[in-house]
């Protein structure tokens, strides 16, 4: 696969499931632009406007950046919770408008104890970043995905195994 063939990879699921780890690795291997919703939202909160919560604004900025980069011929990996159909549909619409394949990857951690441990052990990696508690994750609005996708269980796979599965899936969708 051409490392710079434009395609849009959208990762989804709850915090602490390994999205960012997988998204970073995918972007590096694909030579893709890495768009992290957490980075955008945290920057908006630090801005002079102090936009908080920045969920809507963060996603809107990510959509614009994704479309700009896809139109520029670059692949994009978008890392965000994408908790509702509205956010997922927006990425699908961008792929449609730009004529690129959409690859949807859902990260899950089926080991609830491990998932809770990850949430409680996380430390901010962005200046001013606010991380959710386990209670926040459990209470978060979440609509199940209803699209074709790869589900990667980071509770049972190593980072290398998760990346290998994701790359194989990206290549299969891109080749279709």
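The values are calculated or read from the model by the stated rules, or taken from the named source; none is laboratory data. Everything quoted here is computed from the prediction, not taken from an experiment. Backbone-built Cβ (ideal geometry, glycine too); neighbour counts: all protein chains shown.
Take the conditions under 11 Å from the mean Cα position of the chain (by Cα) and farther than 25 Å from residue 97 by Cα and apply them to residue 14. Does it pass?
yes
Hey, can you tell me all the residues within the stretch 130-158 that are under 12 Å from residue 83 (Cα atoms) and touching a strand residue (DSSP E or B) at 6+ places or on another chain (Cβ under 6 Å)?
Selection gives 145 alone.
Condition (residue is part of a strand (DSSP E or B), in contact (Cβ under 8 Å) with a residue 40 or more places away in the chain and under 24 Å from residue 132 (Cα atoms)) applied to the stretch 12-25: is it met by at least one residue?
There is at least one residue in the stretch 12-25 that is part of a strand (DSSP E or B), in contact (Cβ under 8 Å) with a residue 40 or more places away in the chain and under 24 Å from residue 132 (Cα atoms).
Residues 77, 108, 81: which one is touching a strand residue (DSSP E or B) at 6+ places or on another chain (Cβ under 6 Å) and closer than 26 Å to residue 127 by Cα?
One residue alone meets the criteria, 77.
Restrict the check to the stretch 34-50 and report whether at least one residue is under 17 Å from residue 101 (Cβ atoms) and touching a helix residue (DSSP H, G or I) at 6+ places or on another chain (Cβ under 8 Å).
Scanning the stretch 34-50, I find at least one residue that is under 17 Å from residue 101 (Cβ atoms) and touching a helix residue (DSSP H, G or I) at 6+ places or on another chain (Cβ under 8 Å), so the answer is yes.
For the stretch 109-132, give me each residue that is under 21 Å from residue 55 (Cβ atoms) and surrounded by 13 or more Cβ atoms within 10 Å (Cβ to Cβ). Show your work before the answer.
As a first pass, look at the stretch 109-132 and keep what is under 21 Å from residue 55 (Cβ atoms): 119, 122, 124-132.
Selection gives 119, 122, 126, 129, 130, 131, 132.
Among the candidates 162, 95, single out the residue that is more than 18 Å from residue 19 (Cα to Cα), at pLDDT 95 or above and crowded, with 18+ Cβ neighbours inside 10 Å.
Being more than 18 Å from residue 19 (Cα to Cα), at pLDDT 95 or above and crowded, with 18+ Cβ neighbours inside 10 Å holds for just one of 162, 95, which is 95.
Just give me the residues in the stretch 1-58 being buried (at least 21 other Cβ atoms within 10 Å of the Cβ), under 19 Å from residue 145 (Cα atoms) and touching a strand residue (DSSP E or B) at 6+ places or on another chain (Cβ under 8 Å), in sequence order.
8, 9, 10, 11, 12, 13, 17, 18, 19, 22, 23, 37
Would you check if residue 44 is touching a residue at least 40 places away in the same chain (Cβ under 8 Å) and not in a loop (DSSP other than H, G, I, E, B)?
no
Residue 90 - would you say it is farther than 22 Å from residue 169 by Cα, modelled with pLDDT of 95 or more and under 14 Å from the mean Cα position of the chain (by Cα)?
Taking the combined requirement at face value, the residue does not satisfy it.
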